[in-house]
Amino acid sequence: MRLYSRITGTGSCLPSRRLTNADLADELATSGVVTTDDWIVERTGIRARHFAAADVCSSDLGVEAAQQALQAAKLLASDIDLIIVATSTPDMVFPSTACILQNKLGAHGCAAFDVQAVCSGFIYALTIADAMIKAGSATKALVIGAEVFSRLLDFKDRTTCVLFGDGAGAVVLEASRTPGILASDLHADGKHVGILCVPGHVSGGKVLGDPLLKMDGKAVFKLAVGVLDEAARAVLAKAGKVAADIDWLIPHQANIRIMQGAARKLKLPMDKVIVTVDQHGNTSAASIPLALDSGIRSGKIKPGELLMLEGVGGGFTWGAVLLNL
Ligand code: UT7
């Protein structure tokens, strides 16, 4: 009998400090940077984001999301045999945020590692966990997207600092005789490294290069809608489904206009799209599991429904996962 993997619990965590666009605009104005709620809402759909306090790391947000997911799955931390954290804002250069989170969770001995695929990180991590479960090398996995992107923002650059926020989302993925994850599709094209990056690195006790986020927003926008559609169509074909079968589209929450474009290409109405970008901003690898958890906890997404998760981000990376909840 074939082995599959299935999501059995979800959780999320947002830092308590919430800034509306007006709050952020007021803060930026103190250093002479001009933006408005109207501009941010019209161009991105974002109305608010959460920023973590200076002493809060990705593992702190991730562990809270993981605990909620374990509770929802009715499992203990000691039941978990694999932890994958998708993050571009790790607590340390090394060890991995997954190892730090494992210790905070009180789970010891299981495999734990990070995945770095920026905003596609959760799609990559979920695909890896699914493959490991299908291969028999794990049975109960925690897959977490956790970010403190506010640490990377240049608050003098209004074209980027209004877009991102902090948070974490988690799922428990368990071995199952019924599917679960039906298909996934991952891609990257390193020729686009420069359009979305944080070019700095640590060397000789110093940060060399610029450690703040740089983005060519128009180039990212143009690529994003096309590659999301390609990935979505690839997983539908692999699973023998069509777009009309999708109950919920859960795209990476970067910009409502990109999400509308992705839905339009699949001929899905926006009421089949889970939208949290308005309240969270772009939380990179955390955005999809945050949106998934929000959709489930609000009662919109129900057991058995067909979900299309799709991500796109720095690298350039992109991918999709089609699953039955
Ligand atoms: O995970 C992937 C992450 N990345 C993304 O999702 C980014 C994708 N790209 C985008 O979302 C959009 O390109 C942006 C939201 C970043 C920008 O939207 P746009 O419609 O491409 O605006 P633009 O860059 O063409 O800027 C239009 C104007 C410019 O002024 P001028 O030159 O026309 O006078 C900007 O200086 O808007 C100005 N502007 C702002 N004004 C007020 C740029 N940022 C702001 C701001 N507030 N925050």
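Values as computed for the structure displayed
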read-out	value
Complete set of residues in segment 307-325 that are more than 11 Å from the ligand (Cβ to nearest atom) and open to solvent by 10 Å² or more (accessible area, probe 1.4 Å)	N324, L325
Listing of strands (runs of 3 or more DSSP E) fully contained in segment 183-296 that carry 1 or more residues being more than 11 Å from the ligand (Cβ to nearest atom) and under 26 Å from D157 (Cα atoms)	201-203, 206-208
Failed item in (1) out of contact with any Lys or Arg (no Cβ under 9 Å at 6 or more places or on another chain); (2) within 30 Å of G204 (Cα to Cα), with S59 passing the rest	(1)
Selection status of D91, of a type in the set (D, E, K, R), more than 24 Å from G180 (Cβ to Cβ), without any contact (Cβ under 8 Å) to a residue 40 or more places away in the chain and out of contact with any Ser or Thr (no Cβ under 7 Å at 6 or more places or on another chain)	no
Options A232, A239: the member that is within 20 Å of I258 (Cβ to Cβ), open to solvent by less than 60 Å² (accessible area, probe 1.4 Å) and of a type outside the set (D, E)	A232
Tabulated pairs, segment 34-60, first at positive phi, second in a loop (DSSP other than H, G, I, E, B) and near the ligand (Cβ under 9 Å from one of its atoms), C-beta under 7 angstrom, 6+ apart or interchain	G45/N255
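The values are calculated or read from the model by the stated rules, or taken from the named source; none is laboratory data. Keep in mind that what you see is a predicted model, and the values were worked out from it rather than measured. As a convention, Cβ positions derive from the backbone with ideal geometry for all residues, glycine included, and neighbour counts pool all protein chains shown. What goes into the accessible areas is simple: the full protein's heavy atoms, side chains included, and nothing from ligands, DNA or RNA. Shrake-Rupley method; radii C 1.70, N 1.55, O 1.52, S 1.80 Å.
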